[in-house]
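Below: one structure, written as structure tokens.
The values are calculated or read from the model by the stated rules, or taken from the named source; none is laboratory data. The structure displayed is predicted, hence computed values, not measured ones. Here the Cβ positions follow ideal geometry from the backbone for every residue, glycine too, while neighbour counts run over all protein chains shown.
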Amino acid sequence: MGFLFRLLLSASIAITLGFGLSWYVLTDGRVIGGTRIGAWTAWPDIGQPMPDPYSRAYLARTGVLQLGYAEGVQFVAVTDDEGEALDAGCDYRLSGTTPGAAFWTLVAADLDGVNIAASAQLPALHSDRIARTTDGSAEIHVSSTLAPGNWLEIAGEGPFQLQLTLYDAMTFTGGTTAGGQMPSITRIDCS
């Protein structure tokens, strides 16, 4: 009787662990297929001719058109630097520098990828339209209330994500060591 119990217990643990890890990899999987820098996550292998199975699963799950490996990379943040989910009712400050890229855009979108910018005339911030400090860093405010300096006005409520797309980036090509430089995301206030 003890043998049968241990056999059933071992089988149930193996099945639970196997299905649990498979579910994690197919729904999140950043630990295996993604690259995480602070609150930002990227899937650099998606643009490869033969991406790894985890990157293919991510691409199949999201269904978004991805940049080729030489074209650039998109970083996505769904939390701030403290690990709290981004909420459209809160004000955030992004500060610091970005990895080397010819051009970048910052978009706020809901969790389904729909842009939540309040203005149709300014759906995203662009690197060529940003006021910078003397050291090249920038401070960007993402909120529904007016903020000084660089401001991405958002509308709506509930959780959202920030998408920082680097075009013609050298982040993962070995051409630069700037891969560890991503803007910090700090929650300022919540209404």
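Restricting attention to segment 103-113, does a residue exist that is in a loop (DSSP other than H, G, I, E, B), of a type in the set (A, V, I, L, M) and either more than 16 Å from the chain's Cα centre (by Cα) or surrounded by fewer than 18 Cβ atoms within 10 Å (Cβ to Cβ) (or both)?
Yes, segment 103-113 contains a residue that is in a loop (DSSP other than H, G, I, E, B), of a type in the set (A, V, I, L, M) and either more than 16 Å from the chain's Cα centre (by Cα) or surrounded by fewer than 18 Cβ atoms within 10 Å (Cβ to Cβ) (or both).
Please count how many residues of segment 118-148 are farther than 23 Å from residue 161 by Cβ and part of a loop (DSSP other than H, G, I, E, B).
Residues in segment 118-148 being farther than 23 Å from residue 161 by Cβ and part of a loop (DSSP other than H, G, I, E, B): 6 in total.
What pairs can you find where one residue is in segment 126-152 and touching a residue at least 12 places away in the same chain (Cβ under 8 Å) and not assigned by TED's automatic domain parsing to the domain that holds residue 105, the other is acidic (Asp, Glu) and crowded, with 17+ Cβ neighbours inside 10 Å, and their Cβ atoms are less than 6 Å apart, with a gap of 6+ or different chains?
none
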